[in-house]
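So the structure is just underneath, and the comments pick up after that.
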Amino acid sequence: MSEAPRFTEEEVVRYARHIILPMIGGKGQRRLLDSSVLCIGAGGLGSPVAMYLAAAGVGKLGIVDFDRVDLTNLQRQILHTTADVGRPKVESAVDRLSALNPGIEIVGHDTVLTSANAMDLLGGYDVIVDGSDNFPVRYLANDATQMLGKPLVHGSIYQFDGQATVFMPGPETPCYRCLFPHPPPPGTVPSCAEGGVFGVLPGIVGSIQATEAIKVITGIGNPLVGRLLIFDALDMEFTTVKIRWDAECPVCGKEPSITELIDYDAFCGIAPGQVPTEAEHGVATTVGD
Amino acid sequence: MVTVRIPSALRPAAGGEGRVPASGGTVGDVLDDLIARFPGLRGRLLDDEGRLRRFVNVFVDGEDVRHEGGLARPVGEGQEISIVPSVAGG
């Protein structure tokens, strides 16, 4: 702890504005360089999250996404360019992030996050940022991070509304299931593909997630633990409400009934083996896709 | 009279407004008053038995009503009620 942070000459310059910043300083920058973050999704939220974390010098930045860049993504997914249309998102993301900061390790996981691979994948990182676009992955990310004892920086968006919070592991701190015990059943909520999404919205919510990830890593400030930040782009208002720990929570409650990962498609009402149609997937609001 | 904040996804069903005044002595009364004027909100907020849907949270002055008596939670003059549905977009 007392050892002076060691930086290369380039790092001293690249991160100069952090290093001179009270609260972060050389110690905080060293923590960032020694940290690892996995960003779930390289879409609307994942774009600003990954770009700000790469710029900030998070030492190892993982991106997991299985999708390819589509022209409809470019209205908000600023990691990707028109020339990337058709490419795997993680390839496009790794190129963009490497160009931004070649001094960090950037790892692309071109795969679907599932109950079979989540513990291994998430287990390799210190902090997980959820920028996914569907309920099964959100509940999977929650349960896996609770079981692994890792912080989960949550963000989600729909139309003009955004939500962000931080779920920390540990006794009597809330998780995603304490906030929303059940997802909406398929067919009850219009999809984002149908409903649309305001392009700047993920930029704001994703930037908040990046802020919270950096705060968790460096230990500064008061992260959004036990608080849900609600952003209303139409009225340009931020509201914070309390999230209480639920003693009856099946994952983080006093007597957990879910102690290993489950079938999250089934939990979210998606039939086994059925690939969700756009409308059904849209219940989970396919914005990032 | 209380103020109910409507998320953008529900605004088309609530006359397009982000803040709607409503009256009632409990959260349930307030939602009933709202639904009486905007019937399209019923299915979005309540299940067939009239209970708050599990993926919709209601907060009174920042506190989740589920932990404070649910729909029976009393509300007072000037309080703000926020409807916060679960969203998954990214």
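The values are calculated or read from the model by the stated rules, or taken from the named source; none is laboratory data. Please read these numbers as outputs of a predicted model, since none were measured by experiment. Glycine also receives a Cβ, built like all others from the backbone with ideal geometry; neighbour counts cover every protein chain displayed. Accessible surface areas use protein heavy atoms only, side chains included; no ligands, DNA or RNA. Shrake-Rupley method; radii C 1.70, N 1.55, O 1.52, S 1.80 Å.
What to note about this one:
- Remark: for residue pairs A:LYS89/A:LYS150; A:LYS89/A:LYS254; A:LYS27/A:LYS242; A:LYS60/A:LYS254, the C-alpha separation exceeds 28 Å in A:LYS89/A:LYS254; A:LYS27/A:LYS242; A:LYS60/A:LYS254.
- 1.4 Å probe, heavy atoms, protein only - residues of segment A:223-240 losing at least 20 Å² accessible area vs chain alone: A:ILE230, A:ASP232, A:LEU234, A:ASP235, A:GLU237, A:THR239
- Beta-bridge orientation, chain B: approximately 80 percent antiparallel, per DSSP, counting only bridges with both partners inside.
- With the simple spin-label model, which puts each label point 7 Å out from Cα in the Cβ direction, the B:HIS67 to A:GLU105 separation comes to 3.9 nm.
- Cα shape, segment A:30-115, gyration tensor, a/c 1.5 rule: prolate
- Loop-located GluC sites (Glu not before Pro) in segment A:1-102 (DSSP state other than H, G, I, E, B) with a sparse environment of at most 14 neighbouring Cβ atoms within 10 Å: A:GLU3.
- Relative contact order, percent, segment B:2-85 [alpha-carbon distance under 8 Å, six or more residues apart]: 38 percent
- Between B and A, accessible area buried - total, square angstrom, nearest 100, 1.4 angstrom probe: 2700 Å²
- Sparse-neighbourhood loop sites, GluC sites (Glu not before Pro) in segment B:8-90 - DSSP loop, at most 16 other Cβ within 10 angstrom: B:GLU17, B:GLU49, B:GLU68, B:GLU77
- Solvent-accessible heavy-atom area per residue, rounded to whole Å², over the protein assembly as shown at 1.4 Å: 41 Å²
- At least 50 Å² of accessible area lost relative to the chain alone, listed for segment B:1-48 with a 1.4 Å probe: B:ARG5, B:SER8, B:ARG11
- In segment B:76-90, burial by the other protein chains removes 50 Å² or more of accessible area from B:VAL84, B:SER86, B:VAL87, B:ALA88, B:GLY89, B:GLY90, compared with the chain on its own (1.4 Å probe, ligands and nucleic acids ignored).
- Overall, the accessible surface of segment B:2-85 at a probe of 1.4 angstrom is composed of carbon and sulfur to the extent of 49 percent.
- The stretch between A:ALA266 and A:ALA116, if pulled fully straight at 0.36 nm per residue, gains 52.5 nm over its current Cα-Cα span.
- Dipole magnitude (debye, nearest 20) for chain B, charges at Cβ of Lys, Arg, Asp, Glu: 360 debye
- Compactness of segment A:1-154, taken as the C-alpha radius of gyration over 2.2 N^0.38 Å, stands at 1.07.
- Förster radius 41 Å - calculated FRET efficiency between A:ILE20 and A:GLU237 (Cβ-Cβ, nearest 0.05): 0.80
- Ordering A:LEU21, A:VAL129, A:ILE157 by the projection of their Cα atoms onto the charge dipole of segment A:17-267, which places +1 on the Cβ of Lys and Arg and -1 on the Cβ of Asp and Glu, puts A:LEU21 at the extreme positive end.
- Using C-alpha pairs under 8 Å with a sequence gap of at least 6, the mean separation divided by the residue count of chain A gives a relative contact order of 20 percent.
- Taking only alpha carbon atoms, the protein assembly as shown gives an Rg to Rh ratio of 0.98, where Rh is the Kirkwood radius.
- Chain B: calculated mean residue ellipticity at 222 nm from DSSP helix runs of at least 4, using -39500 (n - 2.57): -4500 deg cm²/dmol
- Per principal axis, descending, Cα span of segment A:148-252 in whole Å: 39, 33, 23
- Average projected area [Cα convex hull, segment A:108-200], square nanometres: 7.0 nm²
- The aspartates and glutamates whose alpha-carbon is closer than 15 Å to the alpha-carbon of A:LYS215, local same-chain residues fewer than 8 away aside, are A:ASP34, A:ASP126.
- Percentage of interatomic Cα-Cα distances in chain B larger than 16 Å: 48 percent
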